[in-house]
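For reference, the structure is listed below as structure tokens.
The values are calculated or read from the model by the stated rules, or taken from the named source; none is laboratory data. Predicted, not measured: the structure shown is a model, and the values here were computed from it. Cβ placement follows ideal geometry from the backbone for every residue including glycine, while neighbour counts extend to all protein chains displayed. In case anyone asks, the SASA skips ligands and DNA or RNA and just uses the protein heavy atoms, side chains included. Shrake-Rupley method; radii C 1.70, N 1.55, O 1.52, S 1.80 Å.
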Amino acid sequence: MKMGKRGIIKLTRRGFSLIELMFGVSILLVTIIAALSSSINSMFLSESSRNLVTASNDAQYVLEQIKTQSFSNISNYISSFSPTEFNNLSGERVTFPNPVYTSNLDTIAVNIAWSERNATRTFAITTRFAQ
């Protein structure tokens, strides 16, 4: 309380009202939620990118192993390929969809599939081997 010029008591206001506090807190919460949402999306994107790079490396490794085979042995190597050596990704599977063998050119595709956040993701790479 404060005395005015004519002796009238004036109330001075200190602090904030309840509505002002609620409004300020709600703005703060919206800002925090936006920042957390952005951080969580960034973490998911980082994990997805890391898995894609791992799948790419695994597919390239398989192609390098095929490259070491003689041209006449490529089809035998693919049919007897054991994908048990890969466990870099959750539920990782290596397949060779529809390889094409000709007398002087083989077209081989390596397909890597894995599960990520309850969904199946795939990566495929294709190359040709000439005799």
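Hey, if you put +1 on the Cβ of every Lys and Arg and -1 on every Asp and Glu Cβ in the chain, which of S80, N98, N57 ends up farthest toward the positive end of that dipole?
It is N57.
Quantify, in whole percent, the carbon and sulfur part of the accessible surface of the chain (1.4 Å probe; protein heavy atoms only).
58
In 10 Å bins starting at zero, report the fraction of Cα pairs in the chain per bin as a rounded %.
Cα pair-distance distribution for the chain, in percent: 10, 25, 16, 11, 8, 7, 6, 6, 4, 3, 2, 0.
For the chain, give the magnitude of the charge dipole about the Cα centre (Cβ charges: +1 Lys/Arg, -1 Asp/Glu; no others), in debye to the nearest 20.
Using Cβ point charges on Lys, Arg, Asp and Glu, the chain gives about 1720 debye.
So if I take the alpha carbon set of segment 11-86, get Rg, then get Rh from the Kirkwood formula, what is the Rg over Rh ratio?
Across segment 11-86, the Cα-based Rg/Rh ratio is 1.60.
Could you provide, to the nearest whole Å², the per residue accessible area of the chain with probe 1.4 Å?
With the other protein chains kept in place, the chain gives 75 Å² per residue.
For E116, what residues show an amide H to amide H distance below 5 Å, using hydrogens built from the backbone and excluding near sequence neighbours?
R121
At 222 nm, what value in deg cm²/dmol follows for the chain if DSSP H runs of at least 4 each add -39500 (n - 2.57) and the sum is divided by all its residues, to the nearest 500?
-15500 deg cm²/dmol
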